[in-house]
1. Give Ala233, Ala275, Ala271, Ala305 a once-over and let me know the one that is touching a helix residue (DSSP H, G or I) at 6+ places or on another chain (Cβ under 7 Å) and within 29 Å of Val154 (Cα to Cα).
2. Which of the residues that make up the stretch 139-162 are within 16 Å of the ligand (Cβ to nearest atom), closer than 19 Å to Leu242 by Cα and not hydrophobic (A, V, I, L, M, F, W, C)?
3. List the residue pairs whose Cβ atoms are under 7 Å apart, where the first residue sits in the stretch 214-243 and is assigned to a strand (DSSP E or B), the second is within 16 Å of the ligand (Cβ to nearest atom) and among the charged types (D, E, K, R), and the two are 6 or more positions apart or on different chains.
4. Name the residue, out of Asp314, Asp323, that is within 14 Å of the ligand (Cβ to nearest atom), closer than 18 Å to Ala254 by Cα and buried (at least 17 other Cβ atoms within 10 Å of the Cβ).
5. Regarding Leu247, is this residue aliphatic (A, V, I, L, M) and within 23 Å of Ala204 (Cβ to Cβ)?
6. Give the residue, chosen from Gly190, Gly201, Gly253, Gly223, that is within 26 Å of Ser326 (Cα to Cα) and modelled with pLDDT under 95.
7. Within the stretch 332-348, is there a residue that is assigned to a helix (DSSP H, G or I) and polar (S, T, N, Q)?
8. Just give me the residues in the stretch 250-300 being more than 13 Å from the ligand (Cβ to nearest atom), assigned to a helix (DSSP H, G or I) and touching a residue at least 60 places away in the same chain (Cβ under 8 Å), in sequence order.
Amino acid sequence: MSVSATAQRLVDALVSVYPECMREGLDRLDIDLDPELEAAETAATEQLRKGLEELLGQPFTQQRRGPLEVFQAAFSGPTAILVSRGMSPLDRDETTVNALPGDVFGLAPASSREISDEIFEAHMSWGIEKAKAMRGLVMGRVLGFEKTGEGDSVVVFIHGFPLDHRMWLPLSSVIGERHRCLIVDLSGRGRSELDAASSIGGHAADVLATMDQIGVDDFHLVGLSMGGYIALALAEVAPHRLRSLTLADTRSGADDEKGREARVAMIQRIADGEAAEVVGGMADNLLASSTPEAIRELVLTMGLATPVETLIADVTAIRDRPDRSSVLGDLSIPVMVVVGAEDAITPPDEAETMARSVGARYEVIGEAGHLAPLEKPTEIAEALLDFWSD
Ligand code: MLT
């Protein structure tokens with residue numbers, strides 16, 4: 001079990017003050033520390049250490065109790081002895097009894113501040129870490145990302161399915177001559193921890209949390225396909241953070257019934273051990289006929305490196321995304337729609353309808369399929385640089 005340094009400090013501190021704390025409690029009750037109570041104290045100290053290590057070894061978001069509650073619960077042994085001797089517990093209301101499990105004689109402190117400043121501080125550090133983790137659960141988690149380039153403005157790139165940040169590297173090396181590029185790995189890839197329950201909106205919260213963490217207030221946002229769904233979800237909640245939005249080979253609408261059924265079938269195949277076949281089939285579908293074999297190989301490499309749990313979480317999130325066409329219609333920032341002329345998944349006529357419906361700039365890239373930014377990075381980089389300089 002790995003208990004973090006913060007947590008270990010708290011375990012050591014609480015375990016070391018346990019006997020002293022109990023003795024003070026017994027003194028207050030005017031009870032001698034006899035052999036039976038002393039043995040109970042030793043057993044409870046061990047229970048306390050184990051309980052704290054178990055609790056604090058769990059990810060913060062899964063900890064259902066606080067360390068002080070474990071500390072107080074450890075007093076249930078000595079408490080049971082006092083009860084067996086016919087002593088009456090302190091008179092407490094229901095709330096207080098629930099708040100101090102296992103300690104009805106007031107042997108345990110009500111707060112870590114009552115024990116010492118050092119423990120109070122260790123307890124506070126634990127609380128801060130836990131609050132951050134809980135915030136991440138609701139507000140997004142910080143993702144791993146690559147950065148490249150220099151410049152005054154920041155461009156954030158969000159990859160598609162079943163890919164990772166590598167799909168943007170050729171394009172970002174051109175853009176990086178003038179802009180700072182941040183290329184995230186969505187949850188469950190690279191250094192980004194998997195959130196199996198993540199939705200498209202949850203991914204958008206992750207991207208925002210990542211920008212908050214590194215102090216990026218506003219940025220140009222570029223999303224490909226699933227990354228475009230996420231970019232739109234981000235635009236829905238934080239349009240003020242965006243300088244512009246570029247949607248590449250994507251759509252604003254939701255899946256129809258047939259589309260959702262196809263997603264369910266794909267999830268089943270992946271769960272049944274056919275992830276490699278699914279990824280292989282996609283690689284064939286994603287690219288234009290003239291796209292070099294090396295790019296197909298890279299697509300396969302990214303897809304096969306994506307863990308099965310991540311593939312399933314992605315397809316589930318894609319399947320369940322809502323229609324965000326009205327989000328696109330409401331935006332007052334510059335929007336560009338780019339699409340590969342041979343995109344078989346989100347074809348140019350669909351992309352053009354979406355672009356025209358909101359007066360967005362529209363670019364079709366020749367000899368490119370669904371992964372136009374990877375297949376034709378120079379052409380899309382030029383289109384982006386021109387769009388931003390307008
Ligand atoms: C993608 O490239 O991200 C996926 O094709 C998105 C989708 O299947 O809708």
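The values are calculated or read from the model by the stated rules, or taken from the named source; none is laboratory data. From a predicted model like this one, the values you see are computed outputs, not experimental measurements. Methodologically, a virtual Cβ is constructed for each residue, glycine included, from the backbone with ideal geometry; neighbour enumeration extends over all protein chains shown.
1. Ala233
2. Residue satisfying the conditions is His159 alone.
3. Leu224/Asp249
4. Numbers: Asp323 fails: buried (at least 17 other Cβ atoms within 10 Å of the Cβ).
So the residue among Asp314, Asp323 that is within 14 Å of the ligand (Cβ to nearest atom), closer than 18 Å to Ala254 by Cα and buried (at least 17 other Cβ atoms within 10 Å of the Cβ) is Asp314.
5. Judged against the criteria, Leu247 is a match.
6. Gly201
7. Step one: of the stretch 332-348, the residues assigned to a helix (DSSP H, G or I) are 348.
Going one step further and asking which of them are polar (S, T, N, Q), we end up with none.
Checked against the condition, which is being assigned to a helix (DSSP H, G or I) and polar (S, T, N, Q), the stretch 332-348 yields no hits at all.
8. If the condition is that a residue be more than 13 Å from the ligand (Cβ to nearest atom), assigned to a helix (DSSP H, G or I) and touching a residue at least 60 places away in the same chain (Cβ under 8 Å), then Ile295, Leu298 are the ones that fit.
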